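What follows draws every value from the coordinates through simple rules; no lab data is involved. Here the structure is a predicted model, which is why all the values come from computation and not from measurement. FYI the Cβ positions are ideal-geometry reconstructions off the backbone, even for glycines, and counts take in every protein chain you see.
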Amino acid sequence: MTPSTSTVATLITVAPTGAESAKADVPALPVTVEEVAATARDCQAVGAAVIHLHVRDTDSRPTLDLGRVREVVAAVRQSSDLVVQLSTGGAVTDPVDARLAVLEAEPDAASLTLGTVNFGRGVFSNPWDLIVELHTQMQQRGIVPEYEVFDLGHLATLARLLDRFGPPHGGHVHVDLVMGVPGGMPGTAQALIACLPLLPPGATFAATGVGRTSLPVMLASLSAGGHLRVGMEDTLTYAPGEPVRGNVQLVARAAGLARIAQRPPLDAMGARTLLGIHRAAGNEPRNDRSLEAAP
Ligand code: KMH
Ligand code: ZN
């Protein structure tokens, strides 16, 4: 049987900014509303279908300020058709209430990390009650979660979550294996393969390799039928001694490898279908609006 295109095509998510790097240290990091909107447009052009967003304030510092978050979401929707996935992880210093409040900005999707993990010298805190609250609020608000897995045990938590509280909005389970974080699972092919038997039946997965694990994780994920997340949230060095010039460079490399693997990039509409995202009326992607406007 020939697999359908949506089975073989590669969903590429760009995570352009993150909450960890300072603009002063990484001038190519997109932090202003205009920079993020332009990044979304340019990354879509070379193969991204989803954007994972952390928002910065006017001083380039990470913020969960709802007004600013809404502004960035609107700008990205204006400049691209990408699936807008807001981070509910924020920065390790962010309080739980502010992380939950991000859902009020009505993204298409949002990240949901399935357990606490050491994060460099910090602790990325994700207690069970927060996990349940994010899952159930997303069900009620019609937001599709991307389950973030930093360690093998997080997949056991996902099984427990789905068993007790039911499937996510849209009905499809999509997991991102975030690998190579100092404190989480290593970014190796062996660790990626170890995760696969623990995925819920019917789930899809992407993988993200932080830092120098970016390429090995990308190649392992493509080989194992997985999808990809790349971006300056996770990777600031393109090759030894060569800083990343921009997110588009990382997306273009991922798209090229996906084509070599004969699993070409999925477009944004394909991503919506795969992930079970159905935008509310009045909030349609640009393509739909332009069709409506046509005579
Ligand atoms: N910034 C990290 C502490 C997420 O976006 O959901 C958490 C993170 C995960 O980036
Ligand atoms: Zn993130």
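Starting from the Cα-Cα distance between residue 152 and residue 190, subtract it from 0.36 nm times their residue separation and give me the gain in nm to one decimal.
Full extension from residue 152 to residue 190 adds 12.5 nm.
Where in the chain are the DSSP H helices whose C-alpha atoms run 15 Å or more along the long axis and whose mean Kyte hydropathy is at least 0.5?
What comes out of the filter, once short or polar helices are dropped, is 152-165, 247-260.
Give me the one-decimal nm value for the distance between modelled label points at residue 71 and residue 141, 7 Å along each residue's Cα-to-Cβ direction.
2.0 nm
In a GNM of the chain with a 10 Å cut-off on Cα contacts, which of 263, 99, 121 has the highest mean-square fluctuation?
Highest fluctuation of the listed residues: 121.
Please identify, among 92, 31, 83, the residue showing maximal mean-square fluctuation in a Gaussian network model of the chain using a 10 angstrom Cα cutoff.
92
Along the charge dipole of the chain, which of 143, 40, 200 sits closest to the positive end, that is, farthest toward it, with unit charges on the beta carbon of Lys, Arg, Asp and Glu (+1, +1, -1, -1)?
200
How much mean residue ellipticity at 222 nm does the chain get from its helices, if each DSSP H run of length 4 or more adds -39500 (n - 2.57) and you divide by all residues, to the nearest 500 deg cm²/dmol? Walk me through the numbers before you get to the answer.
Details: 11 runs with 112 residues, N = 295.
After summing the helix terms and dividing by the residues of the chain, the value is -11000 deg cm²/dmol.
In the Gaussian network model of the chain, springs joining C-alpha atoms below 10 Å, which of 137, 262, 44 carries the largest mean-square fluctuation?
Largest GNM mean-square fluctuation: 262.
Take every Cα pair under 8 Å in the chain that's 6+ residues apart, average their separations, divide by the length, and report that relative contact order as a whole percent.
Relative contact order comes out at 23 percent.
Could you calculate the contour length gain from residue 163 to residue 239, that is, 0.36 nm times the residue separation minus the distance between their Cα atoms, to one decimal place in nm?
Gain on extension, residue 163 to residue 239, equals 23.1 nm.
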